[in-house]
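The values are calculated or read from the model by the stated rules, or taken from the named source; none is laboratory data. For clarity, every value in this text was computed on a predicted model and none was experimentally measured. We place every Cβ from the backbone using ideal geometry, glycine too, and count neighbours over all the protein chains shown.
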Amino acid sequence: MPEKALFELLANELLSDYSTLFYVDAATNDYKWYGKDKDSGRHTLLGEGSGFYGYVKSEAVKLICDDDKSLIVDYLEPETLKKTVAPGQTKDIKFRYIGGNDLQFYTMHIVRSVEGYGDDHFVIGLESIADEDRKRRVVQKIKEEREIYNQIAMSLANEYNSIYYVDIETGKYMEFSPREYFDTLNTPRSWDDFYDDAREDIKIYAHPDDREFASSMYEKEIIKKKLSEKKSINFKYRLIISGEPRYHLFTLIRANEGKNFVLCIKDIENELAAERIRKEKLKKEISFTQIAESLASNYDIIYYVDIENSNYVGYTSRNIFGHMQVQEQGLNFYQDISENIPKIIHPDDRERLLGVLTKDNLISTLDLRRVTEIDYRMIVNDEVKYTRLTARKSSDGNHFILGIENIDEIVRKERDQLTALNAEREIARRDGLTGVKNKYAYDELIKSVQVNITSGLDYLPFAIAVCDLNYLKQTNDTLGHQAGDELLKAACKLICYTFDHSPVFRIGGDEFAVFIRGDDYENKDELEDKFKTQVLENDKSGDGPVVAIGVATFEQGLDTSVDDVFDRADELMYANKKMLKEK
């Protein structure tokens, strides 16, 4: 017997227990509807069609009890059936049917064909629950399930001030507020559009400073995007409750495979207030000893100096003085420090440090600012050590607190890093072939000069020379690139030799620029003539580079940019290049 026929035969036999059977193709959603023949007791085909789920939504649910309609419609949706009923499995659903004026109880049995036995099909049978005992059990089960649901909902709601269950697409929603927390808001609800209702409430009840942020969190597309990335999101803002602004925590939780979400709202003002009190209390409990220990962890020595009488105590945590002995307490801080400074401070820094560590200077300086610092060098075991002194007043205003720390490692590391960085920068600004500065360095200089021109600052007079090497391509093609490189080096040497007080840049393959300044600027005409004369001699003798040149001067009041000067020099260079070719 064919496998499909066998499955239909088994389905037919089920009609002895069921009043109605539906035979549904899981792939196409086509269906056949079978019922019992009153005379023979055998099944008969009552109808067939395509779109079983559409038939369920439009026809089959018409007489189902209103409270159970959504359950049946949602469960018989094709994708839901495929996900919840695996091949070879069965599922039961109980529901109530309105027959005449009475409620009738039914069990829906759903059977899915076993993999490998014909096409993928569902057999859905409806069994009437006729006897009163079974009805009572069904009713009791429904009541128990509803009670469990209510208890869970109430337990959650008691944890929060309000809970909303929202259809993420349509915005339809239900609200649970067990403590009537929002009675003071007197908020009307349409129950049809959560997003509009939420934003309207925000306009009235959210703190004015929080309204823009709060409204942005109730845009449908934003909620969909956020809940597609995470199962839940939290945010907080203030609501005005009985005239008082109170912080609330809002938690959005993805539900029903992303078709719905749950919004839980909780007043956290008391929790935040308690946390603020706890932190303030903790601050007050910090003792002077803890502060001193904290300071000692940052400083090698701390001096605590009485401003009035100059008495002092020195607290040492690490010995940075080598084998030198330093007074740890005394009657006159300034006298003792002046005696110790010549013993341990670098000669070049002694006078400067003594000038800082006077009573009058510390008083006047710390009246103007909270903290003052001075870096200096110490001589420890014949080695130079960089040191920093930080001075401040105590909170009572009666003492100076002077902290001394060894910053030798920090200073040397910073110096090494700066040296390495400068070396890297210098390499990045150099042309690898000629050794002069490159286009990157030229752009940096021009940008700096342009800032001064744009801001109207007087800038030192300057000119720009643009130089272009002739015959480079011909040399590369006939003698090779090594010969071309040597020709470039010779051209660069000629330019640097002529303008030996000005920076030279290689800004292209065979193009150079000179930023002419200082003595070169004063003698630019003579230098240009000298350069051109040498080039003509090279061209005539065939020995040495032939380089075209153009020189233009920055004209204040006429030129608005460095590019104006460069462009004029470039035009003059091309005119000179043309003249050289004609010769």
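Residue-by-condition table, conditions (1) in contact with a strand residue (DSSP E or B) (Cβ under 7 Å, 6 or more places away or on another chain); (2) exposed (fewer than 15 other Cβ atoms within 10 Å of the Cβ); (3) under 22 Å from R568 (Cβ atoms):
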site	(1), (2), (3)
A465	yes, no, yes
K473	no, yes, no
G480	no, yes, no
A483	no, yes, no
D500	no, yes, no
D520	no, no, yes
E526	no, yes, yes
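Considering only segment 192-224, state which residues are surrounded by 11 or more Cβ atoms within 10 Å (Cβ to Cβ), under 29 Å from N256 (Cβ atoms) and among the charged types (D, E, K, R).
D192, D193, D196, D197, R199, E200, D201, E219, K220, K224 - these are the residues of segment 192-224 that are surrounded by 11 or more Cβ atoms within 10 Å (Cβ to Cβ), under 29 Å from N256 (Cβ atoms) and among the charged types (D, E, K, R).
Quick one: which of D102, D119 is more than 22 Å from N256 (Cα to Cα) and without any contact (Cβ under 8 Å) to a residue 12 or more places away in the chain?
Exactly one of D102, D119 is more than 22 Å from N256 (Cα to Cα) and without any contact (Cβ under 8 Å) to a residue 12 or more places away in the chain, namely D102.
Counting only residues that are over 25 Å from M579 (Cα atoms) and outside any helix (DSSP H, G or I), how many does segment 458-489 have?
Within segment 458-489, residues that are over 25 Å from M579 (Cα atoms) and outside any helix (DSSP H, G or I) number 6.
From the residues in segment 422-433 that are farther than 22 Å from A491 by Cβ and among the acidic types (D, E), which one is modelled with the highest pLDDT?
E426
Condition test on I222, is it outside the structural domain of L71 (by TED's automatic domain parsing), free of Cβ contacts under 8 Å to residues at least 40 places away in the same chain and either assigned to a helix (DSSP H, G or I) or of a type in the set (A, V, I, L, M, F, W, C) (or both)?
For I222, the condition - outside the structural domain of L71 (by TED's automatic domain parsing), free of Cβ contacts under 8 Å to residues at least 40 places away in the same chain and either assigned to a helix (DSSP H, G or I) or of a type in the set (A, V, I, L, M, F, W, C) (or both) - is met.
So S394 fits all but one of (1) surrounded by 11 or more Cβ atoms within 10 Å (Cβ to Cβ); (2) at pLDDT 85 or above; (3) within 17 Å of Y304 (Cα to Cα); what number is the exception?
Looking at each condition in turn, S394 falls short on (2).
Report, ordered by the first and then the second residue, all pairs with beta carbons closer than 8 Å, sequence separation of six or more or different chains, a first member in segment 57-86 that is of a type in the set (D, E, K, R), and a second member that is part of a helix (DSSP H, G or I) and surrounded by 16 or more Cβ atoms within 10 Å (Cβ to Cβ).
Final answer for the pair search is K57/V73; E77/Y53.
Does L457 fit the bill of being assigned by TED's automatic domain parsing to the domain that holds A513, modelled with pLDDT under 75 and either of a type in the set (D, E, K, R) or surrounded by fewer than 14 Cβ atoms within 10 Å (Cβ to Cβ) (or both)?
yes
What's the number of the only condition in (1) on the phi < 0 side of the Ramachandran plot; (2) modelled with pLDDT of 85 or more; (3) part of a loop (DSSP other than H, G, I, E, B) that Y247 fails to meet?
Going through (1) on the phi < 0 side of the Ramachandran plot; (2) modelled with pLDDT of 85 or more; (3) part of a loop (DSSP other than H, G, I, E, B) one by one, Y247 breaks only (3).
Starting from residues that are within 40 Å of the chain's Cα centre (by Cα) and more than 18 Å from N311 (Cβ to Cβ), keep the ones in segment 375-391 and report whichever is surrounded by the fewest Cβ atoms within 10 Å (Cβ to Cβ).
Top of the filtered list is D375.
This table checks each residue for (1) at pLDDT 95 or above; (2) not in a loop (DSSP other than H, G, I, E, B).
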site: G508; (1), (2): no, no
site: F512; (1), (2): yes, yes
site: Y521; (1), (2): no, yes
site: V535; (1), (2): no, yes
site: D539; (1), (2): no, yes
site: G544; (1), (2): no, no
site: I549; (1), (2): yes, yes
site: D563; (1), (2): no, yes
site: M579; (1), (2): no, yes
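Could you tell me whether segment 334-349 includes any residue that is under 15 Å from Y303 (Cα atoms), in the same structural domain as I302 (by TED's automatic domain parsing) and surrounded by fewer than 12 Cβ atoms within 10 Å (Cβ to Cβ)?
The answer is yes, given that some residue of segment 334-349 is under 15 Å from Y303 (Cα atoms), in the same structural domain as I302 (by TED's automatic domain parsing) and surrounded by fewer than 12 Cβ atoms within 10 Å (Cβ to Cβ).
Residues are listed down the side, and each one gets a yes or a no for (1) modelled with pLDDT under 85; (2) surrounded by 12 or more Cβ atoms within 10 Å (Cβ to Cβ); (3) part of a helix (DSSP H, G or I):
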{"position": "A420", "(1), (2), (3)": "yes, no, yes"}
{"position": "G435", "(1), (2), (3)": "no, yes, no"}
{"position": "A441", "(1), (2), (3)": "no, yes, yes"}
{"position": "I446", "(1), (2), (3)": "no, yes, yes"}
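Taking only segment 342-391 into account, find how many residues are among the hydroxyl-bearing types (S, T, Y), free of Cβ contacts under 8 Å to residues at least 40 places away in the same chain and not in a loop (DSSP other than H, G, I, E, B).
The number of residues fulfilling the criteria is 5.
In segment 41-71, how many are of a type outside the set (D, E, K, R) and in contact with a helix residue (DSSP H, G or I) (Cβ under 7 Å, 6 or more places away or on another chain)?
Total satisfying the criteria: 6.
For segment 358-374, check the following and say yes or no: at least one residue is more than 26 Å from N309 (Cα to Cα) and touching a helix residue (DSSP H, G or I) at 6+ places or on another chain (Cβ under 9 Å).
No, that holds for no residue.
Can you pull out the residues in segment 300-346 that are of a type in the set (F, W, Y) and either over 24 Å from D360 (Cα atoms) or modelled with pLDDT under 75 (or both)?
Scanning segment 300-346 gives Y315, F321.
Scan V565, V546 and give me the residue that is within 21 Å of N523 (Cα to Cα), among the aliphatic types (A, V, I, L, M) and crowded, with 16+ Cβ neighbours inside 10 Å.
Sole residue among the options that is within 21 Å of N523 (Cα to Cα), among the aliphatic types (A, V, I, L, M) and crowded, with 16+ Cβ neighbours inside 10 Å: V565.
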